[in-house]
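Novice: Please see the structure below; I have some questions.
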Amino acid sequence: MDLGAGWYITLFIASIVGGLVGSLSGGAGMVTMPLLLLSGISPLQALASYLNSPQRSA
């Protein structure tokens, strides 16, 4: 799957915002998961990339 440069920039900014939201309230998935799904990634890949991201440190 080939995402355009706009999606890469959008997902990069969303990961930064998600990291900030996650560090404050623990809700980074509320920012990053919808954007991953809107970008056209399959739900299984979106969930796997979210669960393996460094923002999700416990």
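The values are calculated or read from the model by the stated rules, or taken from the named source; none is laboratory data. Quantities reported herein were computed from a predicted structural model and do not represent experimental measurements. All Cβ positions, even for glycine, are placed from backbone atoms using ideal geometry, and neighbour counts span all protein chains on display. Surface accessibility is based on the protein's heavy atoms, side chains included, excluding ligands, DNA and RNA. Shrake-Rupley method; radii C 1.70, N 1.55, O 1.52, S 1.80 Å.
Novice: Could you say whether any residue in the range 30-38 is assigned to a helix (DSSP H, G or I), surrounded by fewer than 11 Cβ atoms within 10 Å (Cβ to Cβ) and either at pLDDT 85 or above or more than 11 Å from the chain's Cα centre (by Cα) (or both)?
Specialist: Looking through the range 30-38, none of the residues is assigned to a helix (DSSP H, G or I), surrounded by fewer than 11 Cβ atoms within 10 Å (Cβ to Cβ) and either at pLDDT 85 or above or more than 11 Å from the chain's Cα centre (by Cα) (or both).
Novice: Do we have any residue at all in the range 6-13 that's of a type outside the set (Gly, Ala, Ser), modelled with pLDDT of 80 or more and open to solvent by less than 80 Å² (accessible area, probe 1.4 Å)?
Specialist: Among the residues of the range 6-13, at least one is of a type outside the set (Gly, Ala, Ser), modelled with pLDDT of 80 or more and open to solvent by less than 80 Å² (accessible area, probe 1.4 Å), which makes the answer yes.
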